[in-house]
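The values are calculated or read from the model by the stated rules, or taken from the named source; none is laboratory data. Predicted model, so just to flag it, every value in this text is computed and none were measured. Methodologically, a virtual Cβ is constructed for each residue, glycine included, from the backbone with ideal geometry; neighbour enumeration extends over all protein chains shown.
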Amino acid sequence: MSSQTSRIVWITGFLGIIFLGFGIIWGTVVFDSFEVVPDDLDRTADLEGTYTLVDTPFTTRLLSNATVASLAASGGGGALLSDPEIAGLLANPALGDLVSNPAVLELLADPSVLAPLADPTVLAALSDPSVLAAVADPTLLPALMAANPAVGALLIDPAVRGLLASGAVGALLTNPDLMALITSPALGAALANPVVSSLLADPDALALVLDPRTQQILVNPANLPTVDIPVRVHRVRIADRVEGDNLYLTETITTTNLVDGSDMGLLDPRFGPSSTTLVVDRSDKTYVTALMDEGSKRSGHWGLPFHTDKNTAYPSWISFAGQPLDAVYGETTSTNGLQTYTYVVDVVNVPLGVNDPAGTGLPLVFGTHTIAFIEPVTGAGVDATVMDTVSALAPDGSTYLRIANNLEYTDASVEVLVDDIDGKKNQIVWFGSWLPMGSSIVGAILLLVAIGLFLKGRNQIA
């Protein structure tokens, strides 16, 4: 073998070893140290949807009314509303007019005065404008009596005159619902009911009881009314520092009531602005629970790991539940053109270990149907829909909602996240796969060339 050929063999072989060694070492040792959560991670996302809350302003007003509170405590509310006649009378829209009209109430206080209303002839006469005119101006009465003796006879009836003197005729004749109410055979029984009497003595209590929300509470005190509020959740995560393998993040959340643009904390302190320090293991994306403050400790996964495995369930922190729950693979899909895996948390009636703050004594349980859209190479989420519920669980299995959310990432947030994660995925693919693989292939080819030249040279010498 000539010295020139020998030199080529050695150079080619040396380069082959370098390229092959670089590919192997980079792919198995060096790159692993780069495949971590970046220490300059800053990320902003917005979610929009609704929060469902107990209608606290209404329940506060309800419970502050002594009459209704007494009714609820006695358990008489359910019995009251279960009587169809009484419930029908209470639901009559004219009941409010009845209570607010002293003349009609005075009429009800004297059954003998009320009795003529049962006579159709009296009702017809009272509907005649000439009769009402004669009532208003007694000088017209003789002419009326001469023209219509029957009506004249009615007007001199003491019961009818008492009815006219009550001052309630005008209100009755202009309000058919009120007329039907006071002539109902069930009204007497209803007024004899002490519960109804107490309500009639308290107009605000009556208005509350007539509200369907109150009726559902009186029938079942655990069935509190709720209200849906459109919201926007603005979440910002900023990397503060790195200590070894641990990344310290500050997570700030503000929630806006989209009805009036106010901070949700004004309506419910639980949703006021918050700032939390999170500590995350940079390599496997789990929370480092021991390094977090006592009031904000979390466990499980902050994000799914690099090279997400379809066959693995990942315990992921769920804020509404205050605990990690398993996220399992659902399907492979596309988010804004980026291949993603869906990971689903789907549970019902998970015990929260606390009782209903509404004072029912029932335990609280949690349910969710959360779908996260994960880019599998980076393990990063680019979209999500979240439907959480916290409910009071009755012994018969019935649940009564206490708080819920129904949120999803805004289109603008998804677009930004997809662009960001797509770039990081490409870096991992190029530097984690193609670079070491390409270097190893080039190195192996160079070594084969060097070996071939070496063997050829030896054969020529032989």
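Numerical summary
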item	result
Residues satisfying the stated conditions in region 255-284, i.e. touching a strand residue (DSSP E or B) at 6+ places or on another chain (Cβ under 7 Å) and either of a type in the set (D, E, K, R) or not assigned by TED's automatic domain parsing to the domain that holds residue 320 (or both)	263, 268, 281, 282
Positions within region 328-362 being under 20 Å from the mean Cα position of the chain (by Cα) and in a strand (DSSP E or B), in sequence order	344, 345, 346, 347, 348, 349, 350, 351, 352, 354, 355
Sole residue being polar (S, T, N, Q), loosely packed, with under 15 Cβ neighbours inside 10 Å and either at pLDDT 95 or above or in contact with an Asp or Glu (Cβ under 7 Å, 6 or more places away or on another chain) (or both), chosen from 389, 333, 342, 370	333
Residue in region 232-251 that is part of a loop (DSSP other than H, G, I, E, B), out of contact with any Phe, Trp or Tyr (no Cβ under 9 Å at 6 or more places or on another chain) and closer than 30 Å to residue 379 by Cα present	yes
Residues satisfying the stated conditions in region 36-93, i.e. in contact with a Pro (Cβ under 7 Å, 6 or more places away or on another chain) and either modelled with pLDDT under 85 or among the basic types (Lys, Arg) (or both)	72
Residues of region 300-327 classified as at pLDDT 95 or above, among the hydroxyl-bearing types (Ser, Thr, Tyr) and not in a strand (DSSP E or B), total	1
Single condition residue 375 does not satisfy, out of (1) in contact with a Lys or Arg (Cβ under 8 Å, 6 or more places away or on another chain); (2) modelled with pLDDT of 95 or more	(2)
Every pair of residues 6+ apart whose Cβ atoms lie under 7 Å, when the first sits in region 285-306 and is assigned by TED's automatic domain parsing to the domain that holds residue 373 while the second is part of a helix (DSSP H, G or I) and buried (at least 19 other Cβ atoms within 10 Å of the Cβ)	none
Conditions (1) surrounded by fewer than 17 Cβ atoms within 10 Å (Cβ to Cβ); (2) outside the structural domain of residue 400 (by TED's automatic domain parsing); number of the one not met by residue 245	(2)
Residue that is outside any helix (DSSP H, G or I), among the polar types (S, T, N, Q) and either within 30 Å of residue 399 (Cβ to Cβ) or more than 23 Å from the chain's Cα centre (by Cα) (or both), where the choices are 275, 283	283
